[in-house]
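First up is the structure itself, then whatever we jot down about it.
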Amino acid sequence: MKRVLFLLLFSAAVLVLAMSEGAKVTTSNLRLTQIAGHELFVLKDCTQCHTLAAKTEGERTPVPNKRDDAWFKEHVSTESTLVLAEAKSKGKKRRILKKELVALSDFLFESSVNEKTQVKALASNVRQGAYLGYQNNCIGCHKIAGGGKEIGPELTHVADKRGDRKWLIKNLKNPLQFAPESPMPAFEGKLSKEEMGKIADYLLTLRK
Ligand code: HEC
Ligand code: HEC
């Protein structure tokens, strides 16, 4: 009987530890494009022929060298013609592919081994939230870990200031309610509630 009680207490302690460990996740060292690049590598089916491991796995080969920009662009466009961000016009389509090349390249060739491991280990809601943030161009106005522009405030440690998930979602829905002059787009109607929730989950990992 005592033994059972001990086991129960022990499992409870392990669970509490695991949960507090999960709560401590931070991505404030990662550029949004590094996380998005990982998503693209999977979504664009690069994994059909390639592996992220340093060694060959079965039929698939690793991708250690970019060779050069022109070669990489050509290879990605021929092997994966899938353009994932929504294209609103023909001209834009090409720009979106360029954006995808930047993210793929940032993840594959500018990230350290530790950063890659960190990205791969992220919870799926956080990874998807970051990918949605990348698709909706948050870094067109916000800086995160040295990447992006500074039209709006830097978001690298935004969770230390804005740690409230509900506030983050409200602000995404309609920024004008908090900053009447805001150039930030209202995402209500463009993104689902679930998608805004995932972006908020990602933002909450941006802290010291
Ligand atoms: C249908 C299979 C296929 C798909 C899909 C594919 N590749 Fe490749 N990739 C290859 C082959 C084959 C080579 C070797 C080509 C050569 O040696 O000229 C290669 C080479 C590469 C290299 C150069 C590796 C080196 O060390 O020289 C990179 C980088 C690369 N691919 C990235 C990607 C990315 C990113 C994607 C997804 C957008 C992708 N590939 C999709 C087949 C594929
Ligand atoms: C066109 C520029 C623009 C875009 C795009 C944009 N924002 Fe903003 N954002 C701003 C500005 C400017 C502010 C400063 C407050 C204000 O005026 O709304 C802001 C404020 C914020 C804040 C509050 C920051 C703080 O320190 O109080 C958060 C969080 C935020 N944005 C997240 C996002 C996310 C996530 C995205 C992408 C889904 C995004 N923003 C896209 C311009 C933008």
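Since every read-out is calculated from the coordinates, none of them should be taken as a lab result. Because the structure is a prediction, the values reported are computed rather than measured. Note that each Cβ is placed from the backbone with ideal geometry, even for glycine, and that neighbours are counted across all protein chains shown.
A few notes on this one:
- What you get for the chain, charging only the Cβ of Lys and Arg (+1) and of Asp and Glu (-1), is a dipole of about 360 debye around the Cα centre.
- Amide H contacts of His50 (H built 1.01 Å from N, in plane; Pro and chain starts excluded): Thr61 sit under 5 Å, all sequence-distant by 5 or more or on other chains.
- Of Lys92/Lys143; Lys166/Lys208; Lys99/Lys161; Lys93/Lys208, those spanning more than 26 Å from alpha-carbon to alpha-carbon: Lys99/Lys161; Lys93/Lys208
- Over 29 Å (Cα to Cα) - which of Lys24/Lys73; Lys55/Lys149; Lys66/Lys170; Lys24/Lys66; Lys149/Lys173; Lys44/Lys193 fall in this group: Lys24/Lys73; Lys55/Lys149; Lys66/Lys170; Lys24/Lys66
- Using the Cα coordinates of segment 122-208, the gyration tensor eigenvalues translate into equivalent-ellipsoid semi-axes of 17, 16, 13 Å, sorted from longest to shortest.
- Report note on the peptides 118-128, 183-193, 133-143, 52-62: ranked by the mean count of other C-beta atoms within 10 Å, highest first, their order is 133-143, 118-128, 183-193, 52-62.
- Spread over its residues, the convex hull of the C-alpha atoms of the chain is 170 Å³ per residue.
- Computed label-point distance, nm, for sites Ala121 and Ile96 using a 7 Å Cα→Cβ extension: 3.4
- Amide H partners (placed H, <5 Å) of Glu154, local residues excluded: Lys143
- Gain in span if fully extended, Lys161 to Lys66, counting 0.36 nm per residue against the direct Cα distance: 30.4 nm
- In Hz, Karplus ³J(HN,Hα) per residue of segment 152-157 (6.51, -1.76, 1.60; θ = phi - 60°; x = Gly, Pro): x, x, 4, 10, 3, 10
- Phi angles across segment 158-168 convert, under the Karplus curve 6.51 cos²θ - 1.76 cosθ + 1.60 with θ = phi - 60°, into 3J(HN,Hα) values of 4, 5, 5, 9, 10, x, 9, 4, 4, 4, 4 Hz, Gly and Pro given as x.
- Simple point charges give the picture: +1 on the Cβ of Lys and Arg, -1 on the Cβ of Asp and Glu, and for segment 122-208 a dipole about the Cα centre of about 180 debye.
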